[in-house]
Each structure stands twice: as structure tokens, then as C-alpha cells.
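Have a look at the structure below, then the notes.
The values are calculated or read from the model by the stated rules, or taken from the named source; none is laboratory data. Owing to the predicted nature of the structure, the values given are computational and were not obtained by experimental measurement. So basically every Cβ, Gly included, is an ideal-geometry build from the backbone, and we count neighbours across all protein chains shown.
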Amino acid sequence: MLKNSATRSVVGVLGLAFLTSYPVAATTNGSTPVIVDFIEDTGMVAPVNPNQPDGGHSDGKDGDGFNRPTENEGVLTLDVIPEWFDFGVQEVDMQEHTYTDIVRVKEVNGQQKAQTVHYLQVSDKRDSSSTGWQLTVHHASVSDRLNNGQQELKGAYLTIPKGVVRNSLSANTSSATDTLTSYQVEVADTAKVIFQSSSADSKSGKGQSTNTFLPGEVRLTIPKGVAKAGTYQAKVTWTLQASAEN
């Protein structure tokens, strides 16, 4: 009986020692820093697809051959402008008359191609603390280039229609966006706003923005009694600037 009782006592002690002597694991922590530096992108922006500006132009970095890359560099740039507005050969008319620009055809990448669109492209790569921009347009007098500008079509003006505006950050980049504004403009010697973003919206006009309008929609109006024989030209000047709030 004593032997059996001792055996039971040892078993009980061994069981108690096993449960109380096993150590509890300690918890440790560590941390890894995450670092990123942003710098301004001041490089040139190539032409994008004007009808879907989140993608490159189908004709490559030089665009479609009808709208000219400016090769401007900086954080806020005008990248593409129409190559020309051509009103062809017209008969002299002493009445006031309005002419529409013609659809030009030229060789692009070895193939004859008809122009499908005029467009303007603006890139805004500034950070979110700088918002808003506007593009203005004006031209000097319409003068006779063959006579060193001695003859002038006084009072003649160009009308550029309100375009379709798109942005590369839109949910659907092929659709017009309401965060940008385009205006129909009668272009003369005083600068007028034709295309702008909103300074109240931090995303408005960021990335690439395009303003498209069609050949045949641009008009040149010659007042009554002004037309003279000759080949005339005027230089259209586009000016991009940050909004006054910035």
C-alpha cells in the first residue's frame, strides 16, 4: 500500500511540474521606413491622341502632320497647335463674305492623308498646390505677304469654334469633360481666352488636356469693300499662362 501510494504521489508531482515550468514567449516589434522623393517633370510632352488623351498618338511622337508639336519644356506647357488655317483661293468679293477653312491633304509617313481635326494640347505637370491655367489667342492684321505687308484686309477676323475638351485623367478619356472649358472666339489683335481649366478644382487640367475642332468649322470674315487681290496671311499667337490665383 505504501508503494502504491508513493507511486501516485510522484505522478502527481511530475504532472504539476510540467504545467508550471514551460516559459511564455515574448513579443518583439520592428519598423521599416518608407521613403519617396518627388521632383518636377520639366521635359517635353509628345502629341497624344486628341480624341483619347491618355494614349500616345497613333502617328507617333511627331503627331498627325496637320497639328504641330511645339517642343516646349516645363511643368505647364502648350504642346500642340494647329499647323495652319488655310482658306484656299477665292475670288474678290466687295460684299462682306465669310470663308471656311479647307480640309488639307498631305503625305504623312509615305501615305496621302486628309486632315480630320485641328487640336490644341496642354500639359499640366505641376503638383496639386498649383491649379488652373488659361490659353489665349490673338492675331495681327491680315496683310499681303507678297507686298511686304503693305496691303491690309482691314477689319478681317478669324472665328474659331468652341471645341470638344478631353483630359487624360478622366474616367472615360474619350468623352468630353466638364472640368475644362472651351470658347468660340473671334480672333483679332486683342488676346481672348479660348481654352481653360478651373483653379477651384485641384485635378482640373492636370495631365494632358485637348481641345479639338474640325476643319471646315474655322471661319475668316472679310468686311464689305475691303477685299483686294493678293496672297494674305496673319500670324495666330497662342499664349498659355497659369491662372491669376497662382
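Going residue by residue through segment 125-135, is there one that turns out to be assigned to a strand (DSSP E or B) and of a type in the set (Val, Ile, Thr)?
No - not one qualifying residue is present in segment 125-135.
Do we have any residue at all in segment 234-245 that's farther than 14 Å from GLU152 by Cα, of a type in the set (D, E, K, R), assigned to a loop (DSSP other than H, G, I, E, B) and in contact with a strand residue (DSSP E or B) (Cβ under 8 Å, 6 or more places away or on another chain)?
So far as segment 234-245 goes, no, none of its residues is farther than 14 Å from GLU152 by Cα, of a type in the set (D, E, K, R), assigned to a loop (DSSP other than H, G, I, E, B) and in contact with a strand residue (DSSP E or B) (Cβ under 8 Å, 6 or more places away or on another chain).
Cβ-Cβ distance below 8 Å, separation of 6 or more or different chains: which pairs start in segment 68-79 with a residue that is over 15 Å from THR237 (Cα atoms) and end on one that is assigned to a loop (DSSP other than H, G, I, E, B) and aliphatic (A, V, I, L, M)?
GLU71/MET44; GLU73/MET44
Right, ASP54: farther than 17 Å from PHE213 by Cα and surrounded by 15 or more Cβ atoms within 10 Å (Cβ to Cβ) or not?
yes
Somewhere in segment 29-47, is a residue at pLDDT 90 or above, outside any loop (DSSP other than H, G, I, E, B), out of contact with any His (no Cβ under 6 Å at 6 or more places or on another chain) and within 30 Å of SER175 (Cα to Cα)?
Within segment 29-47 (the criterion being at pLDDT 90 or above, outside any loop (DSSP other than H, G, I, E, B), out of contact with any His (no Cβ under 6 Å at 6 or more places or on another chain) and within 30 Å of SER175 (Cα to Cα)), the answer is no, since none of the residues qualifies.
Collect the residues in segment 159-202 that are among the basic types (Lys, Arg) and in contact (Cβ under 8 Å) with a residue 60 or more places away in the chain, keeping them in residue-number order.
Listed by number, the list holds a single entry, ARG166.
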